[in-house]
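Coordinate-derived values only; no laboratory data. Nothing here was measured: the structure is a model prediction, and the numbers come from that model. For neighbour counting, all protein chains shown are included, and Cβ atoms are generated from backbone atoms with ideal geometry for every residue, glycine included.
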Amino acid sequence: MGNDAATYENYSNNTDTSPSLVLLMICFYIFLYIERPWESISVLHGFPIERTFAVIMILVAFLSNRFKIVASPTNKWIYGLLALHFILSPFAFKTGDAVDQGIEYGKMVILYMLMLATVDDEDSLRVLVKGFVFAMFIYVLHSLWEYHNGRHFFRMGIHRMIGVDSTNNDPNSFGGSVVLSLPFVYALLRTEKKLAYRWSYYCYFGMAVLCVVLTGSRTSSVALLFTVLLLGLAQKGKRKIVALAIAALAVCVLWTVMPDEKQERIRTLWDKDAGPANAHESAEGRLEGFEVSLKMFAREPLTGVGAGEKNFIGYRMVNRIDKAGHESPTASHILYGEVLSELGLFGAIVFLGLLGSIVRCCTRVRSHLLEAGLDTGFSYLLGGAIIACLLLLLIFGIGGHNFYRPHWLWLAAWSGILVKISFPRVES
């Protein structure tokens with residue numbers, strides 16, 4: 001056990017602790033992807049900032065011998081999903097739209113590949129996760145400032161906070177992004193020694209709760225409660241009871257001070273008389289979308305109707321999948337219907353394989369570190385955070401079509417990196 005711990009410590013803490021240029025560029029690219037300043041800052045409109053920086057990042061990675069495929073248990077599932085986009089495209093409702101969606105997915109796969117090839121130790125992995133969290137910090141802070149200045153949606157009878165960008169700024173999507181980041185904030189907080197960083201994480205937790213309330217997103221609210229419960233259960237001994245008690249008290253206080261319109265919005269989860277009628281119609285629309293997805297899957301069980309929202313909507317409308325008089329040119333709004341209807345049985349199998357692979361990587365690493373007496377370190381906590389985020393993605397999938405969120409690939413990369421740094425002799 002002592003030898004295992006020493007081996008891990010020697011491998012996960014290289015003498016050169018300064019992050020590489022490629023790693024810093026990956027962190028900045030994550031910031032660009034999340035914040036999307038060309039969408040929120042008028043003087044940057046029209047500038048291909050993300051694309052230009054991505055090309056430079058790939059070039060630097062190539063020159064640094066980091067643009068390569070590194071062995072990982074998650075590879076076959078990630079590259080399998082990428083291949084399926086193109087293999088199934090001839091059978092899609094519109095082949096061109098399926099290919100375009102495959103290209104967009106391929107761009108996310110490149111970042112996945114770069115993460116695996118660049119991060120070789122725990123310090124670098126911490127920098128990568130910290131880069132993601134601070135990108136979210138800036139995004140949330142900027143969005144709060146714009147909300148203060150009057151930027152919001154009026155939807156479902158209430159004022160709803162939105163993200164500062166225009167691509168992923170929907171209240172539900174924005175609230176989901178905020179909640180999905182919290183497990184990683186917790187992992188960093190538990191292992192952070194610098195007081196300034198610790199206070200910044202506490203500040204982010206507070207801003208995250210405020211943002212979820214202001215979005216009026218029911219799914220995000222449920223996911224936030226689930227996250228708080230997970231964090232409480234993650235404690236040991238008496239700390240678990242104390243943490244759960246504090247969490248319960250905090251939820252009660254939050255509900256008491258929450259604006260009436262936001263309370264009314266959440267009540268629609270269990271009270272049919274609460275909120276405006278369109279709030280209940282929204283939930284019914286998701287159920288109808290799932291039923292439509294199953295009908296599409298029944299018609300095209302092996303290949304699906306084609307990757308992407310355009311194929312889903314096109315097939316839905318042309319083939320009159322909805323009941324007469326209830327036609328709706330909208331997407332599935334449910335992850336499980338999205339995967340089944342667009343990628344068919346093959347896509348569903350590979351997607352399930354990816355989920356299983358991520359969980360296996362994390363549980364394997366956590367078991368190894370627990371045996372080595374390293375169950376309070378960053379890698380151990382990150383493994384738990386990845387599993388928690390995966391569960392949250394599946395919860396959000398009940399109320400949204402989130403298959404093309406980059407988080408799936410980031411979790412796959414981070415779990416693969418954990419295996420690489422925890423079992424260096426095996427993987428090498």
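Points worth noting:
- Maximal additional length on extending the L345-V257 stretch stands at 27.0 nm, based on 0.36 nm per residue less the C-alpha distance.
- Once each of the trypsin sites (Lys or Arg not before Pro) sitting in a DSSP loop with at most 15 other beta-carbon atoms within 10 Å is removed, the chain keeps 324-428 as its longest stretch.
- The chain, dipole about Cα centre (Lys/Arg Cβ +1, Asp/Glu Cβ -1), debye to the nearest 20: 600
- Database remark: amide H of R155 closer than 5 angstrom to the amide H of R160 (H placed geometrically; neighbours at sequence offset of 5 or more, or on other chains; Pro and chain starts carry no H).
- Cα shape, region 2-427, gyration tensor, a/c 1.5 rule: oblate
- The chain: DSSP helices with Cα axial extent of at least 20 Å and average Kyte-Doolittle hydropathy no lower than 1.0: 21-35, 49-63, 195-215, 218-233, 238-257, 335-371, 378-396, 407-422
- Calculated [θ] (222 nm, deg cm²/dmol) that DSSP helices of n ≥ 4 give over the chain, each run adding -39,500 (n - 2.57): -24000 deg cm²/dmol
- By other beta-carbon atoms within 10 Å, ranking E338, E35 with the fewest at the front produces E35, E338.
- Euclidean distance between Cα centres, region 146-206 to region 221-269, Å: 16
- Between region 41-55 and region 328-372, the alpha-carbon centres lie 32 Å apart.
- Model label sites at K240 and S64, defined 7 Å from Cα along the beta-carbon direction, differ in position by 4.2 nm.
- Dipole of region 2-427, positive end: most advanced residue of Y197, P37, F67 [Cβ charges, Cα centre]: Y197
- A straight Cα-to-Cα reach below 19 Å connects K194 with the lysines K130, residues fewer than 8 places away in its own chain not being considered.
- Near G216, the amide H atoms lying under 5 Å from its own belong to M161; only residues 5 or more places off or on other chains count, and H is placed 1.01 Å from N.
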